[in-house]
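Have a look at the structure below before the remarks.
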Amino acid sequence: MHQWTFLELAKRVLEEEKKPLSPEEIWNLAIAKGYDKNLGSQGKTPLATLGARLYVDVKRGLTSPFISTDSRPKRFFLRSLLTESSEQKILEAAQSPVIVRKKIEYLEKDLHPFLAFYGYHYMRAYLKTIHHSKSDKKEYGEWVHPDMVGCYYPFGEWKDEVVGFSSVLGSIAIKLFSFELKRTLNFSNLREAFFQAVSNSSWANEGYLAAAEISNDDDFLNELKRLSTSFGIGVIRIDIEDPDSTEVIFPAKPKEFLDWDAINKLTMNPDFKEFLKRVRIDISSKEIREEMYDKILSKEDLPKIIRSHKPVAM
């Protein structure tokens, strides 16, 4: 019997329902129809996996069978079923009441769980927060420590024999990430924030600058793109209202080789030292201890972090 993928499950439900549905609505209908039993593997968080698969696939544009609305939460529909009447339904689903929101005060550290969520579901990486205050040396200056680090392991995609063979050759295809986080990113802090990311990410395979509020000014975005292209630093826009809508707006340029001198310098921080130790153990055991990395909250719980702060009047 053919085992379905999450996208095949979503396609079947949407074909039958013939209306835009959110990932949660698709999953609940799939359970009611018994389609979840046809999945090859559900994993620990099947709803989150389904959402991630749909969000990633729809970004392929015209090559994806799915389209999405601009509503919150996003809803998905099949391109093949798009007619004049269904297009009207999608437009209606995309329309949401205009809500005047007060500015919410939150801390930069509140963004860490959002990035951990995105890293886990969309980059297949395990992230860990690096607390700068734990460093026992200050002489290197402040632009040394990344805010978060992460590792992608190939274990779920490679056969054990391939992993074992690659380890003998000393070339296991793990990927190390470095992240600099900011609440806002605009012309007033662009230079400092960007070159802080460049300095703090020189050691990793991929370095990113992530922020929740990124200016939409055309001149600013053009400059941000120029810097990203010139220095290879990716840019992530964190969506604090819809975590699944977090996205890489400019990709990082992968580096094949790690900067071992910089890595050695970073071991001044016990969090980073523990991260290296954890990666080594997980590679050796081929079993990832998820609890040793930042906790992955559900997309329903993440916005509660922001809402827990008092609103600030505009």
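The values are calculated or read from the model by the stated rules, or taken from the named source; none is laboratory data. Computed from a predicted structure; not experimentally measured. Neighbour counts are summed over all protein chains in view; Cβ atoms, including those assigned to glycine, are modelled from backbone coordinates with ideal geometry. Note: accessible area is taken over every heavy atom of the protein model, side chains too, but ligands, DNA and RNA are not part of it. Shrake-Rupley method; radii C 1.70, N 1.55, O 1.52, S 1.80 Å.
Here are some residues: Lys277, Lys304, Lys286. Which one is open to solvent by 40 Å² or more (accessible area, probe 1.4 Å) and in contact (Cβ under 8 Å) with a residue 12 or more places away in the chain? Unique residue meeting the criteria: Lys286.
Would you check if Leu47 is out of contact with any Ser or Thr (no Cβ under 9 Å at 6 or more places or on another chain) and open to solvent by less than 50 Å² (accessible area, probe 1.4 Å)?
Numbers: out of contact with any Ser or Thr (no Cβ under 9 Å at 6 or more places or on another chain): no; open to solvent by less than 50 Å² (accessible area, probe 1.4 Å): yes.
Considered against the rule, which asks whether it is out of contact with any Ser or Thr (no Cβ under 9 Å at 6 or more places or on another chain) and open to solvent by less than 50 Å² (accessible area, probe 1.4 Å), Leu47 comes out as no.
Here's the yes/no breakdown for (1) at pLDDT below 95; (2) under 20 Å from the mean Cα position of the chain (by Cα):
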position	(1), (2)
Met123	yes, yes
Gly156	yes, yes
Glu161	yes, no
Ser202	yes, no
Gly207	no, yes
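Within the option set Asp244, Asp271, being in a helix (DSSP H, G or I) and either among the β-branched types (Val, Ile, Thr) or farther than 19 Å from Ala48 by Cβ (or both) holds for one residue only, Asp271.
For beta carbons closer than 7 Å, sequence separation of 6+ or different chains, a first residue in the range 224-243 that is without any contact (Cβ under 8 Å) to a residue 12 or more places away in the chain and of a type in the set (S, T, N, Q) and a second that is assigned to a helix (DSSP H, G or I) and surrounded by fewer than 21 Cβ atoms within 10 Å (Cβ to Cβ), there are no qualifying pairs.
When the range 202-228 is examined, which residues are found to be among the hydrophobic types (A, V, I, L, M, F, W, C) and part of a strand (DSSP E or B)? If you could, list the steps in order and put the result at the bottom.
Step one: list which residues in the range 202-228 are among the hydrophobic types (A, V, I, L, M, F, W, C), which gives 203-204, 209-212, 214, 220-221, 224, 227.
Scanning the range 202-228 gives Leu209, Ala210, Ala211, Ala212, Ile214.
Of the numbered criteria (1) closer than 18 Å to Val198 by Cβ; (2) assigned to a loop (DSSP other than H, G, I, E, B), the one Asp239 fails is (1). The combined condition, being touching a helix residue (DSSP H, G or I) at 6+ places or on another chain (Cβ under 6 Å) and part of a helix (DSSP H, G or I), is fulfilled by Leu47. Going through the range 262-273 one residue at a time, which ones are open to solvent by 40 Å² or more (accessible area, probe 1.4 Å) and either in contact (Cβ under 8 Å) with a residue 40 or more places away in the chain or of a type in the set (A, V, I, L, M) (or both)? If the condition is that a residue be open to solvent by 40 Å² or more (accessible area, probe 1.4 Å) and either in contact (Cβ under 8 Å) with a residue 40 or more places away in the chain or of a type in the set (A, V, I, L, M) (or both), then Lys265, Pro270 are the ones that fit.
Please find, among Lys299, Lys310, the residue that is under 13 Å from the mean Cα position of the chain (by Cα), modelled with pLDDT under 90 and either surrounded by 18 or more Cβ atoms within 10 Å (Cβ to Cβ) or farther than 25 Å from Leu190 by Cβ (or both). Break it down into steps so the answer makes sense when it comes.
On the way: Lys310 fails: under 13 Å from the mean Cα position of the chain (by Cα).
Answer to the check: Lys299.
Could you identify the single residue in Gly232, Gly207 that is out of contact with any Leu (no Cβ under 6 Å at 6 or more places or on another chain), over 30 Å from Leu47 (Cβ atoms) and crowded, with 22+ Cβ neighbours inside 10 Å?
Working: Gly232 fails: crowded, with 22+ Cβ neighbours inside 10 Å.
Going through Gly232, Gly207 in turn, just one is out of contact with any Leu (no Cβ under 6 Å at 6 or more places or on another chain), over 30 Å from Leu47 (Cβ atoms) and crowded, with 22+ Cβ neighbours inside 10 Å: Gly207.
Say whether the condition of being within 23 Å of Tyr118 (Cα to Cα) and modelled with pLDDT of 90 or more is met by at least one residue in the range 28-42. So far as the range 28-42 goes, yes, one or more of its residues are within 23 Å of Tyr118 (Cα to Cα) and modelled with pLDDT of 90 or more. Among the residues that make up the range 25-41, is at least one of them closer than 16 Å to Glu8 by Cα, surrounded by fewer than 18 Cβ atoms within 10 Å (Cβ to Cβ), hydrophobic (A, V, I, L, M, F, W, C) and in contact (Cβ under 8 Å) with a residue 40 or more places away in the chain? The answer is no, given that none of the residues of the range 25-41 is closer than 16 Å to Glu8 by Cα, surrounded by fewer than 18 Cβ atoms within 10 Å (Cβ to Cβ), hydrophobic (A, V, I, L, M, F, W, C) and in contact (Cβ under 8 Å) with a residue 40 or more places away in the chain.
Looking across the range 1-30 at every residue that is among the polar types (S, T, N, Q) and part of a loop (DSSP other than H, G, I, E, B), the one that is nearest to the chain's Cα centre (by Cα) is identified as Ser22.
Would you mind stating whether Thr45 is modelled with pLDDT of 80 or more and of a type in the set (Ser, Thr, Tyr)?
On the way: modelled with pLDDT of 80 or more: no; of a type in the set (Ser, Thr, Tyr): yes.
The answer is no for Thr45.
Quick check, is Ala252 open to solvent by 10 Å² or more (accessible area, probe 1.4 Å) and touching a residue at least 60 places away in the same chain (Cβ under 8 Å)? When the stated conditions are applied, Ala252 does not pass them. Evaluating Leu258 against the criteria (1) modelled with pLDDT of 90 or more; (2) open to solvent by 10 Å² or more (accessible area, probe 1.4 Å) leaves one unmet condition, (1).
Of the residues Leu29, Leu9, Leu14, Leu50, only one is of a type in the set (A, V, I, L, M) and in contact with a strand residue (DSSP E or B) (Cβ under 6 Å, 6 or more places away or on another chain); which? It would help to see each step written out before you state the result.
Numbers: Leu29 fails: in contact with a strand residue (DSSP E or B) (Cβ under 6 Å, 6 or more places away or on another chain); Leu9 fails: in contact with a strand residue (DSSP E or B) (Cβ under 6 Å, 6 or more places away or on another chain); Leu50 fails: in contact with a strand residue (DSSP E or B) (Cβ under 6 Å, 6 or more places away or on another chain).
Answer to the selection: Leu14.
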